[in-house]
RNA sequence: GGUGCCAUACCCAAGUGGCUAGGGAGCGGUCUGCAAAACCGUCAACCCCGGUUCGAAUCCGGGUGGCACCUCCA
């Protein structure tokens, strides 16, 4: 099975090949844990999970690294700006370490609820300070760094290919008036190590050859990816917003420190989730939606996962409640349709070695979609169509769907828990049970008007009765 | 100002030169007393104007509208 990805490096579709046969080193930029992740952040991790799963589906062993940024960097590359972690701590009256622990935990909980596979490594930036310092030392010894009063900066002029990745035309950028140079030599120069002012203590700071301070915000990704994967990554992922500054700087740092060894071979960038009024979701603009808010509104986390699967990762996806509801309905119907098929396969005990020819065609269609720049919406369409394709036996369809679910990650083999029903006290439950029993009596004597009258009465109590082969069930609406 | 992206039916959304994408909603039906679910059927689109071509949603030019990045961001 062949995989093709749109590589930001070169901006074109390219057949994927790993450096080492059968093995993939994949680094994905993770969260800064100063606040909850919003559903826009999470879209990226869901898409990266589809990628991870598609690679494993294709037979690769994936060394998957997602960093946890628990050290504050400044809110800008210039000298001013606040530290996000310290800001979070001030906001909540806690220490930065408490903030990091709390939001890391919340993040991992979302990760699990979305059924995202655990990365091979979850490195924390603060656990890799020595590696970051030595990376900066490499750069300094090779002449790529210079000192100012407050920091050690990377001199982007020394890296000829600096603007290539993002398509920045350096001469035009220089004409820009929005960049305050401060002590920097070039507007694109960025801090490798920030030195704490003599008279001020920071919550997080470390000794270094340049004085007590903290690493620049691009350094951690370079240092940790090298430590855990190697100098050259097969795949590096992130949001489109990172192309311009973060990833451009990661490339500069890494390749200069490693004497030109290419930093990453494939760059995949996720497009944003937008809200209806065309804003991207952003924490800095105030209100934002978390996964918990969706859950509180009665959605299952996997409804959101399905929602993400309906759009290609390089396209904007517009969030609105009706759009999410539509995806939820599609998701629930899909599960109801596939559950009997999966059950039929599990009961059939068919040896799963070879696939009959007519099933092979479906398999090929699904894999082809994955291979076309990870076209999950198309793959999902194939799955939806197969679920209704009666030319294949139920067991065979169940077998294919279960196999494909290794990529879709919807946990089709288990049923989704019912949404939290409104709490009902014992007295009320007893009254409802009595009414339902009375209705059953009426139905048994075919007294339909009476049965319907009771259904109506229950409806007034916000109770919905559903008749099943094993008798009626009810739930509070 | 610089760079780039997008426009597909009621809604979401695939599609990159000929081959029914898919889903949700709606409508009609089958089946269950009714309801729910399921199943079947149905509906409809390629922003505008030119061009290339036997053939264009798809390629090219122009226009209009929307958006993103260039400051922390997924």
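The values are calculated or read from the model by the stated rules, or taken from the named source; none is laboratory data. Predicted model, so just to flag it, every value in this text is computed and none were measured. Using ideal geometry, Cβ is built from the backbone for each residue, glycine included, and neighbour counts are taken over all protein chains shown.
Quick look at the numbers
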| quantity | calculated |
| --- | --- |
| Candidates A:47, A:41, filtered to the one that is modelled with pLDDT under 95 and in a helix (DSSP H, G or I) | A:41 |
| Odd one out for residue A:353 among (1) near RNA strand B (Cβ under 8 Å from one of its atoms); (2) at pLDDT below 95 | (1) |
| Qualifying position, being more than 13 Å from RNA strand B (Cβ to nearest atom), crowded, with 18+ Cβ neighbours inside 10 Å and in the same structural domain as residue A:190 (by TED's automatic domain parsing), among A:248, A:226 | A:226 |
| Members of segment A:108-121 that are surrounded by 19 or more Cβ atoms within 10 Å (Cβ to Cβ) and either assigned to a helix (DSSP H, G or I) or not assigned by TED's automatic domain parsing to the domain that holds residue A:205 (or both) | A:110, A:111 |
| Any hit, segment A:122-138, residues being in a loop (DSSP other than H, G, I, E, B), more than 30 Å from the chain's Cα centre (by Cα) and more than 16 Å from RNA strand B (Cβ to nearest atom) | no |
| Candidate set: segment A:381-421, residues that are more than 16 Å from RNA strand B (Cβ to nearest atom), touching a residue at least 24 places away in the same chain (Cβ under 8 Å) and part of a loop (DSSP other than H, G, I, E, B); chosen: the one farthest from residue A:46 (Cα to Cα) | A:420 |
| Some residue of segment A:285-303 being in the same structural domain as residue A:389 (by TED's automatic domain parsing), near RNA strand B (Cβ under 7 Å from one of its atoms) and either modelled with pLDDT under 95 or in contact with a strand residue (DSSP E or B) (Cβ under 7 Å, 6 or more places away or on another chain) (or both) | no |
| In segment A:197-223, the residues that are crowded, with 17+ Cβ neighbours inside 10 Å, out of contact with any strand residue (DSSP E or B) (no Cβ under 9 Å at 6 or more places or on another chain) and assigned to a loop (DSSP other than H, G, I, E, B) | none |
| Residue A:184 within 14 Å of RNA strand B (Cβ to nearest atom), more than 18 Å from residue A:30 (Cβ to Cβ) and either part of a strand (DSSP E or B) or at pLDDT 95 or above (or both) | no |
| Residue A:439, sole failed condition from (1) in a helix (DSSP H, G or I); (2) surrounded by fewer than 17 Cβ atoms within 10 Å (Cβ to Cβ); (3) touching a strand residue (DSSP E or B) at 6+ places or on another chain (Cβ under 8 Å) | (2) |
